[in-house]
1. Can you give the percent of C-alpha pairs in segment 1-102 whose distance is more than 17 Å?
2. Would you grab the residues whose amide H sits under 5 Å from the one on S82? Only those 5+ places off in sequence or on another chain, please, with H modelled 1.01 Å from N.
3. Report, in debye and to the nearest 20, how large the dipole of segment 1-91 comes out about its Cα centre when Lys and Arg carry +1 and Asp and Glu carry -1 on their Cβ.
4. Give the order of Y53, Y32 when sorted by the count of other beta carbons within 10 angstrom, beginning with the fewest.
5. To the nearest 0.05, what FRET efficiency results for F72 and E104 with a Förster distance of 41 Å applied to their C-beta separation?
6. Distance in nm between label sites at E39 and A61, each 7 Å beyond Cα in the beta-carbon direction?
7. Could you please rank I58, I46, placing first whichever residue has the fewest other Cβ atoms within 10 Å of its Cβ?
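Only the coordinates and a few stated rules stand behind these numbers; no lab work does. Source: prediction; values computed, not measured. Note that we place each Cβ from the backbone using ideal geometry, even for glycine, and neighbour counts take in every protein chain shown.
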Amino acid sequence: MARVLINVPRSAKRGDIITIRTLIQHTMETGYRPNAQGEVVPRDIIRRFTCSYDGAVIFSAELSPAIAANPFLSFTTVATRSGTVTMTWEGDNGFAQTETRPIEVT
């Protein structure tokens, strides 16, 4: 399980624009870099990030080897109703991680 930092407001007023920020700890090996023995380090990246709000996808991104290690993503959405924000990271070598955060809309 990778270390994840997530910033989702605990509450918001209906119609407010909220910012969601995520950072996941991951080395993001490109598959092009040689190790000390001159052998290419196998590729190991996060390929896809998806965020849904109460079951509807609100943001998704396809990531490539050019992205930095420990990718940070920030995006906005409109607070429409109380529910759950679900974030999923998928990558090489079977990597998958899902985190959820509740949000209360008044």
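1. 54 percent
2. V105
3. 380 debye
4. Ascending Cβ contact count within 10 Å gives the list Y32, Y53.
5. 0.95
6. Here the answer is 3.2 nm between the modelled labels.
7. I58, I46
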